[in-house]
Structure formats: C-alpha cells, structure tokens
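Written below as structure tokens is the structure these notes are about.
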C-alpha cells in the first residue's frame with residue numbers, strides 16, 4: 001500500500017482575524033473532502049491569521065495515479081481563488097517503509113514534529 005501526502009501552504013494577506021482565516025481553511029478542507037474523498041487537516045500556522053497550511057493524505061497502489069491525483073488536488077486549491085498557494089510538497093511512500101511512532105506523550109515526538 002502506498003501513501004500520498006501533500007502539504008499545501010496558503011497565504012491570506014487580507015485576512016483581518018483568525019476567524020476569517022478559519023473560515024477559509026474550513027471551506028478549503030470541506031471542498032477537498034467532497035471533491036477528492038481524502039483525509040485533510042490544518043497542520044501548521046494555527047495562530048498566524050495570514051497563513052494556512054493544509055495537509056492531505058490518500059492511499060492507493062499505483063504511484064503515478066497517486067501523484068496525478070495529489071497534483072490535481074493542488075491545482076483545485078489554486079483554482080478555488082480563496083487564498084494564494086505559496087508552496088506545496090508531495091511525498092509518496094510505501095507503508096512498510098514508514099517508521100511507526102506510538103508516543104505515550106508529546107514530549108517523545110521528534111523536535112521537527114512539534115506544531116507551531
């Protein structure tokens with residue numbers, strides 16, 4: 001089984017509050033779930049009203065198909081016009097190549113995993 005993950009960074013220069021940012025984040029996430037049937041969450045920049053970082057994950061068996069689908073996801077977000085896409089990153093990995101993490105508490109997470 002393959003896992004395709006994408007992180008999409010959005011800029012909201014005109015957002016005047018965290019509430020306005022959340023409204024955009026919720027709209028983007030809802031439309032992605034509806035259109036592509038994937039898992040999606042806001043994964044970083046929680047307190048920055050001018051930035052949204054959306055993480056998307058899907059599973060499959062064909063790496064080309066997964067990459068194509070994730071690229072469609074990114075183009076779809078760009079086409080929504082709700083925010084400017086300023087960065088994206090796509091990773092496709094085999095499940096058996098991913099290290100399993102079962103921390104008892106947040107202190108055991110690697111420093112690079114700490115949320116902002």
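Points to keep in mind about this one:
- Within the stretch 29-52, considering residues that are at pLDDT 90 or above and assigned to a strand (DSSP E or B), the one farthest from the chain's Cα centre (by Cα): 39
- Pairs are defined by a Cβ separation below 7 Å, a sequence spacing of at least 6 or placement on different chains, a first member in the stretch 78-107 that is closer than 22 Å to residue 68 by Cα, and a second member that is at pLDDT 70 or above and exposed (fewer than 11 other Cβ atoms within 10 Å of the Cβ); the pairs so defined are 95/1.
- As for the stretch 81-100, it holds no residue that is at pLDDT below 90, touching a helix residue (DSSP H, G or I) at 6+ places or on another chain (Cβ under 8 Å) and either over 27 Å from residue 11 (Cα atoms) or part of a helix (DSSP H, G or I) (or both).
- Residue in the stretch 2-15 that is in contact with a helix residue (DSSP H, G or I) (Cβ under 7 Å, 6 or more places away or on another chain), surrounded by fewer than 17 Cβ atoms within 10 Å (Cβ to Cβ) and either at negative phi or part of a helix (DSSP H, G or I) (or both) present: yes
- Residues being touching a residue at least 40 places away in the same chain (Cβ under 8 Å), under 17 Å from residue 85 (Cβ atoms) and more than 11 Å from the chain's Cα centre (by Cα) - total across the stretch 1-28: 5
- Residues that are modelled with pLDDT of 90 or more, outside any strand (DSSP E or B), in contact with a helix residue (DSSP H, G or I) (Cβ under 7 Å, 6 or more places away or on another chain) and surrounded by fewer than 17 Cβ atoms within 10 Å (Cβ to Cβ) do occur in the stretch 62-78.
The values are calculated or read from the model by the stated rules, or taken from the named source; none is laboratory data. As the structure is a computational prediction, the values presented were derived from the model and not from experiment. Methodologically, a virtual Cβ is constructed for each residue, glycine included, from the backbone with ideal geometry; neighbour enumeration extends over all protein chains shown.
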